[in-house]
């Protein structure tokens, strides 16, 4: 049986290349059972940090394999 979880991850980066997070700004929110739930949280976080060009969040999808 396969199951999925979704996480919203991100924070403030050192530049708009979005390669290196500034230590201490990392955020991980979740898990969410559906992508839709994660997207709603992602939208709120993204809108809250809109004026900050170096802050970015994304949705991570985790596949879980359950043994029967």
Odd one out for residue 45, checked against (1) exposed (fewer than 12 other Cβ atoms within 10 Å of the Cβ); (2) within 14 Å of the chain's Cα centre (by Cα):
(1)
Can you tell me which residues in the range 16-34 are surrounded by 10 or more Cβ atoms within 10 Å (Cβ to Cβ) and either out of contact with any helix residue (DSSP H, G or I) (no Cβ under 9 Å at 6 or more places or on another chain) or more than 27 Å from residue 63 (Cβ to Cβ) (or both)?
18, 21, 22, 25, 26, 28, 33, 34
Inter-residue pairs, beta-carbon under 9 Å, first touching a residue at least 40 places away in the same chain (Cβ under 8 Å) and at positive phi and in the range 11-27, second part of a loop (DSSP other than H, G, I, E, B) and surrounded by 11 or more Cβ atoms within 10 Å (Cβ to Cβ), 6+ apart
11/22; 11/25; 11/26
Of all residues in the range 50-64 being at pLDDT 95 or above and within 14 Å of the chain's Cα centre (by Cα), which is nearest to residue 2 (Cα to Cα)?
61
Is it the case that the range 46-61 has a residue that's free of Cβ contacts under 8 Å to residues at least 60 places away in the same chain, touching a strand residue (DSSP E or B) at 6+ places or on another chain (Cβ under 6 Å) and assigned to a helix (DSSP H, G or I)?
yes
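The values are calculated or read from the model by the stated rules, or taken from the named source; none is laboratory data. What you see is a predicted model; the values in this text were computed from it and never measured. Positions of Cβ are backbone-derived with ideal geometry, glycine not excepted, and every protein chain shown enters the neighbour counts.
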